[in-house]
1. Taking a cut-off of 16 Å between Cα atoms, list the lysines near LYS230, but don't count ones fewer than 8 places away on the same chain.
2. Please rank GLU99, GLU212, fewest neighbouring Cβ atoms within 10 Å first, as an exposure proxy.
3. List the residues whose amide H sits under 5 Å from the amide H of VAL74, counting only those 5 or more places along or on another chain, with H placed 1.01 Å from N in the peptide plane.
4. Enumerate the calculated ³J(HN,Hα) couplings along segment 173-184 in order (Karplus 6.51 cos²θ - 1.76 cosθ + 1.60, θ = phi - 60°), each rounded to whole Hz, writing x wherever the residue is Gly or Pro.
5. What angle do you read, to the nearest 10 degrees and between 0 and 90, between the alpha-carbon axis of helix 135-149 and the longest principal axis of the chain?
6. In debye, nearest 20: dipole of segment 18-252 around its Cα centre with unit charges on the Cβ of K, R (+) and D, E (-)?
7. Helix 207-252 against the longest principal axis of the chain: what's the angle in degrees, Cα atoms only, rounded to the nearest 10?
8. Among ALA217, ILE170, GLN238, flag the residue with its Cα farthest along the positive direction of the charge dipole of segment 97-253, charges on Cβ as +1 for Lys/Arg and -1 for Asp/Glu.
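Every number in this text was worked out from the coordinates using simple rules, so none of it is lab data. Just so it is clear, the structure is predicted and the values come from calculations on it, not from any experiment. Methodologically, a virtual Cβ is constructed for each residue, glycine included, from the backbone with ideal geometry; neighbour enumeration extends over all protein chains shown.
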Amino acid sequence: MIFMEEKISFIKDGLRLDGRRPDELRPIKIEVGVLARADGSCYVEMGKNRVIAAVYGPREVHPRHLQEVTRAIVRYRYNMASFSVEERRRPGPDRRSYELSKVGREALEPVILTSYYPRSVIDVFVEILQADAGTRTAGINAASVALADAGIPMRGLISSCAAGKVGGEIVLDPMKEEDNFGDADMPIAMTPSGEITLLQMDGGLTIDEFHEAMELAKSGCRQIYEVQRKVLIERYSQLEGERGEQAEVTACD
Ligand code: CDP
């Protein structure tokens with residue numbers, strides 16, 4: 001309840017409850033290729049959020065009546081583990097997870113070159129292991145890197161984060177307390193060239209606040225994109241190095 005008392009509770013001396021500036025992202029960590037049995041995988045931490053994404057495919061569609069003759073279909077399943085939130089969540093799909101699966105798929109599909117794989121399916125599974133607001137955006141970031149790790153041809157990586165309004169100020173990447181007691185939360189997803197593939201809003205913003213929040217969220221996406229790009233480059237230069245070493249050993253044999 002302390003959060004609802006006054007605006008000053010959210011931002012004090014220019015800093016937020018967790019010590020961040022209004023335009024600061026939570027610390028972000030991304031690891032690629034974390035699951036041996038998936039075609040592509042990624043683990044993401046954004047603040048206290050812990051998310052894993054696994055990609056399978058392109059592979060044959062089952063049931064077959066779902067096949068599209070000109071392109072691959074993309075399936076995206078967002079699932080929140082029972083233990084990921086403070087009050088144990090009942091396992092299984094619910095209205096929220098259907099919504100987040102739909103918006104996650106729609107955020108990624110525009111960059112996937114689905115016409116390369118007619119009659120097939122690309123399955124994306126996003127598991128939320130620990131939640132602290134912003135799990136849909138963390139899931140999309142993880143899924144985007146996992147798709148690249150699976151070698152799925154894409155027009156670019158998708159990066160995603162939210163901007164919100166708390167204590168009368170527009171802030172980047174709201175965490176749980178800000179999300180719960182703030183005035184607005186606006187998650188977006190973006191291509192590297194700035195095309196928006198996800199835009200949702202909870203709460204209300206004036207038109208000027210909307211533009212401010214949009215610019216802030218876009219700057220957050222650009223920062224996340226740099227991390228996604230860096231980890232993929234590191235991963236693939238490492239694999240390239242390993243392949244080179246193997247080739248040398250074979251040549252010596
Ligand atoms: O996680 P995201 O912000 O994308 O979605 P949300 O529906 O706005 O949920 C915000 C936060 O509320 C989640 O990240 C969880 O921390 C929390 N939550 C929860 O505690 N129990 C649920 N059943 C759903 C969400």
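1. LYS29
2. GLU99, GLU212
3. ILE122
4. 6, x, 8, 3, 4, 5, 5, 5, 10, x, 8, 7
5. 20 degrees
6. The calculation lands at about 940 debye.
7. Computed tilt is about 30 degrees.
8. GLN238
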